[in-house]
Amino acid sequence: MKSYRKELWFNTETRRAFINITAKIEECLRESGIKEGLLLCNAMHITSSVFINDDEPGLHRDFERFLEKLAPEKPYEQYDHNGFEDNADAHLKRTIMGREVVVAITDGKLDFGPWEQIFYGEFDGKRPKRVLVKIIGE
Amino acid sequence: MKSYRKELWFNTETRRAFINITAKIEECLRESGIKEGLLLCNAMHITSSVFINDDEPGLHRDFERFLEKLAPEKPYEQYDHNGFEDNADAHLKRTIMGREVVVAITDGKLDFGPWEQIFYGEFDGKRPKRVLVKIIGE
Amino acid sequence: MKSYRKELWFNTETRRAFINITAKIEECLRESGIKEGLLLCNAMHITSSVFINDDEPGLHRDFERFLEKLAPEKPYEQYDHNGFEDNADAHLKRTIMGREVVVAITDGKLDFGPWEQIFYGEFDGKRPKRVLVKIIGE
């Protein structure tokens, strides 16, 4: 069994952002030399997310509105977690979007349907944060 | 390390549907001959879901209402994604329900609690769509 | 390839509870002797959850309010699933929080960011329920 590990770093200019990281993950996979196995990609922070969906800007605005409806950022005082911090909404938003994805590796490729793309979802940005890529297989 | 891969195809008659796919997954597992490992089952489309819950029709109606409350299908114009398409709500519903499940394989069986069943959740059906089953182990 | 399996049991005094199980999972990992691989931790019941977030009581109260807003426990009659049972809300709450986490194992440790902690989320407690830990690797 082979295994591979890499950290990817992000520092967004806005509090919230969606970044397509598919090409970076494919680069990790090539580097690993693994042809058959499973790839785990997860946010290493608890106010961000890794998820799979469509690379379509209209949909990303819909996600933003959807998340703001379910877990609004403001008023900050509505959350017990906010005191020294103001990011309770980011913890809730990341919960809806998910921490991680697990992807099948087949013939050295991400085994994806036609529109699947991997995104980093940032909900409390403007500082350096990490994503972990771990691949096991042969 | 052994690995196994299979696609399952679905074409629902309604826009939304929940289909119990546990028996199909168990058939894949038998076919794989894998006794110890991990099984990944994921929707290959970004408007459908694979999730684990109860096979109870009342609960499935509750899921339908719950998802319609959080991400209503109509009016279509409420979503920026809808223009050529009308399925923005399906992208959001699938996000809540999840893309994938990872299941432990022990002694050649899905290592499940008493009521765990695997479902395909369709949110934009009436066309052929796929689920991926990938198993790694020994 | 090595594999390891363990069940952890919980019996909460309240209907809903969040329990930090990180130390228990680390104990499983030590017991397994696995240094590189993937760890799956999932609820074996469909009204509870395993998720990763912050060990901060204020945030847990925020989660409770958030979940009660999206899928309120009462009135019980609002759910078709409730008749012999009263736990439809628990099925929905677990769906939002997630069934499982997959964690990278590197150098014999949970490969975590600075604040990641694993929680058991109970939404229909006061009875013995199980979590599964499965580790594969080398």
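Against the definition (facing chain A (nearest Cβ under 10 Å) and among the hydroxyl-bearing types (Ser, Thr, Tyr)), how does B:Ser48 come out, yes or no? Yes; evaluated as a whole, the condition is true for this residue.
Evaluating B:Glu100 against the criteria (1) closer than 17 Å to C:Glu100 by Cβ; (2) more than 7 Å from every other protein chain (Cβ to nearest Cβ) leaves one unmet condition, (2). Looking across the stretch B:107-138, just one residue is closer than 29 Å to C:Gly137 by Cβ, more than 10 Å from chain C (Cβ to nearest Cβ) and part of a loop (DSSP other than H, G, I, E, B), and that is B:Gly108. For C:Leu92, the conditions (1) more than 30 Å from A:Asp86 (Cβ to Cβ); (2) crowded, with 23+ Cβ neighbours inside 10 Å; (3) within 9 Å of chain B (Cβ to nearest Cβ); (4) aliphatic (A, V, I, L, M) all hold with the exception of (1). Among residues that are at pLDDT below 95 and out of contact with any Asp or Glu (no Cβ under 9 Å at 6 or more places or on another chain), A:Phe63 is not included. B:Gly83 satisfies every condition listed in (1) at the interface with another protein chain (Cβ under 8 Å from one of its Cβ atoms); (2) at pLDDT 95 or above except (2). Is it fair to say C:Glu31 is over 17 Å from the mean Cα position of the chain (by Cα), within 14 Å of chain B (Cβ to nearest Cβ) and open to solvent by 20 Å² or more (accessible area, probe 1.4 Å)? For C:Glu31, the condition - over 17 Å from the mean Cα position of the chain (by Cα), within 14 Å of chain B (Cβ to nearest Cβ) and open to solvent by 20 Å² or more (accessible area, probe 1.4 Å) - is not met. Applying the selection to the stretch A:1-21, what residues are of a type in the set (Ser, Thr, Tyr) and either crowded, with 16+ Cβ neighbours inside 10 Å or in contact with a helix residue (DSSP H, G or I) (Cβ under 9 Å, 6 or more places away or on another chain) (or both)? Scanning the stretch A:1-21 gives A:Ser3, A:Tyr4, A:Thr12.
The single condition among (1) surrounded by 21 or more Cβ atoms within 10 Å (Cβ to Cβ); (2) out of contact with any helix residue (DSSP H, G or I) (no Cβ under 8 Å at 6 or more places or on another chain); (3) among the hydrophobic types (A, V, I, L, M, F, W, C) that B:Ala43 does not satisfy is (2).
Among the residues of the stretch B:58-86, which ones are buried (at least 17 other Cβ atoms within 10 Å of the Cβ) and within 11 Å of A:Asp62 (Cβ to Cβ)?
Residues satisfying the conditions are B:Ala71, B:Tyr79, B:Asp80, B:His81, B:Asn82.
Listed by first and then second residue, the pairs with beta-carbon distance under 9 Å, at least 6 apart or on different chains, first residue in the stretch C:69-80 and more than 12 Å from every other protein chain (Cβ to nearest Cβ), second outside any helix (DSSP H, G or I), are C:Glu73/C:Arg15; C:Glu73/C:Arg16; C:Glu73/C:Asp86; C:Glu73/C:Asn87; C:Glu73/C:Phe123; C:Lys74/C:Asp86.
For beta carbons closer than 8 Å, sequence separation of 6+ or different chains, a first residue in the stretch C:56-68 that is over 10 Å from C:Phe18 (Cβ atoms) and at the interface with chain A (Cβ under 8 Å from one of its Cβ atoms) and a second that is buried (at least 17 other Cβ atoms within 10 Å of the Cβ) and small (Gly, Ala, Ser), the qualifying pairs are C:Gly58/A:Ala88; C:Asp62/A:Ala88; C:Phe66/A:Ala71. The residues of the stretch C:97-129 that are in contact with a helix residue (DSSP H, G or I) (Cβ under 6 Å, 6 or more places away or on another chain) and crowded, with 21+ Cβ neighbours inside 10 Å, listed by number, are C:Ile118, C:Gly121, C:Phe123, C:Asp124.
The values are calculated or read from the model by the stated rules, or taken from the named source; none is laboratory data. On a predicted model such as this, the values are computed, not experimentally measured, just so you know. Glycine gets a Cβ as well: all are built from the backbone with ideal geometry, and neighbour counts include every protein chain shown. The area values use the complete protein model at the heavy-atom level, side chains included, leaving out ligands, DNA and RNA. Shrake-Rupley method; radii C 1.70, N 1.55, O 1.52, S 1.80 Å.
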